[in-house]
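Notes to accompany the following structure.
The values are calculated or read from the model by the stated rules, or taken from the named source; none is laboratory data. This structure is a prediction, so every number in the text was calculated from the model and none was measured. Cβ placement follows ideal geometry from the backbone for every residue including glycine, while neighbour counts extend to all protein chains displayed.
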Amino acid sequence: MTGGRHRSTGEVLESHLAYAQRGDLEGDLATNFAEDVVLLSAEGVHRGHDGVRTLRSILDDYVPAGSYEYCQLEAEGSTACSSGAPLPRTSRCTPGPTRSSSARGSSARR
């Protein structure tokens, strides 16, 4: 993770989604994920940067790049969650802001 000012969990989530939209996984890892990150998903528990890479690969298998929109972003304390769905090219989700006790922002699209 990069040094510098302290960012809220909501800010980190927004940054992560922006990196995902650009397809820059390695930049995302360096900027937004601790080496010892633990991710929980429907696919199980994944640890570290390799776990993030594994989940990215699984998502890419499920949904082609650019066709997944995050409709709900939540951040509270040190925990964040995003949810969305694959969409046909002609469909649009109406995203809301990141809800957080410490930061607000707009949703992002992968």
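Among the numbered conditions (1) surrounded by 13 or more Cβ atoms within 10 Å (Cβ to Cβ); (2) within 12 Å of the chain's Cα centre (by Cα); (3) at pLDDT below 75, the only one that residue 83 does not meet is (1).
Can you pull out every residue in the range 24-59 that is of a type in the set (Lys, Arg) and in a helix (DSSP H, G or I)? If you could, list the steps in order and put the result at the bottom.
First, the residues of the range 24-59 that are of a type in the set (Lys, Arg): 47, 53, 56.
Hits for the range 24-59 are 53, 56.
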